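Student: The structure is given below, and queries will be raised subsequently.
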Amino acid sequence: MSRGMFFGRFQPFHRGHLEVSRLILEEHDEIVFLIGMATESHTHRNPFTAGERIEMIRRGMRDLGVGLERVITATLPTLEVHVSSAHMALNTAPRVDAVYVGNRIMAQVFRELGVRVVMPEPVNRGEYNASYIRSLMARGDRRWTRLVSPSVAEYLLEIGAEERMRGIMDPGEDHVLAREGM
């Protein structure tokens, strides 16, 4: 049994995450989603709770056609980037054969612990970008719904994600949209 750990915040879980998940499952029997910053929510960078992110992941994986028997979720409290954080991550989740992570610093920390690390290429980073998606939500621009899977979009609408983002985000935070040229 081979497992790959996908370590991230998933704020929200979008189509780029889905594509990386698909690639992980081509190499491994199971995928462990380790949800970081799990004790932080309702902030502009981490607006969704750990439970909401687990729900998004499960719905997204179903949309991808992946049976949930291949999906494991675990959470990691909000920690500083440090070797002890990587130790905690590895001890929080079941045994894994590789860690898939987009954060270069965390990748280095895991490597120093002797873990096989894969840094997948971002998928269509201009659009499949959580900051961009959150900005669209805050503006009530429904283009964000095509950047997540259908069940995730439905769920985010159910929990009032747009209203939450409007209440959290500073009106001056549209810099993401300007930077991306959107």
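Student: I'd like the GluC sites (Glu not before Pro) in segment 44-115 restricted to DSSP loop residues with at most 14 other Cβ atoms within 10 Å, sorted by number. Walk me through the intermediate numbers first.
Tutor: Details: sites: E52, E55, E69, E80, E112; in loops: E80.
Of the GluC sites (Glu not before Pro), the ones in loops of segment 44-115 whose Cβ has at most 14 other Cβ atoms within 10 Å are E80.
Student: Let me ask something else about it. Which one, (i) 1.00; (ii) 0.94; (iii) 1.16, gives Cα Rg over 2.2 N^0.38 Å as derived from the coordinates shown?
Tutor: (i)
Student: Please tell me the relative contact order of segment 3-118 in percent, rounded to the nearest whole number, where contacts are Cα pairs under 8 Å and at least six residues apart.
Tutor: Numbers: 183 pairs, mean separation 35.2, N = 116.
The value is 30 percent.
Student: To the nearest 20 Debye, how big is the dipole of segment 3-118 about its Cα centre, given +1 on the beta carbon of each Lys and Arg and -1 on that of each Asp and Glu?
Tutor: Numbers: 14 positive and 13 negative charges, 30 e Å.
Taking the Cα centre of segment 3-118 as origin, the dipole is about 140 debye.
Student: Say a paramagnetic label sat at a point 7 Å from the Cα of E154, along Cα to Cβ; which residues of segment 1-37 have their backbone N under 19 Å from it?
Tutor: 13-15, 18
Student: Which value in nm describes the separation of the simple spin-label points at R142 and R104, placed 7 Å from the Cα toward the beta carbon?
Tutor: 4.0 nm
Values quoted throughout were computed directly from the atomic coordinates according to the rules given, and no laboratory measurement underlies them. It should be emphasised that the depicted structure is a prediction, and the values quoted were computed from it without experimental measurement. All Cβ positions, glycine included, derive from the backbone under ideal geometry; neighbour counts span all protein chains shown.
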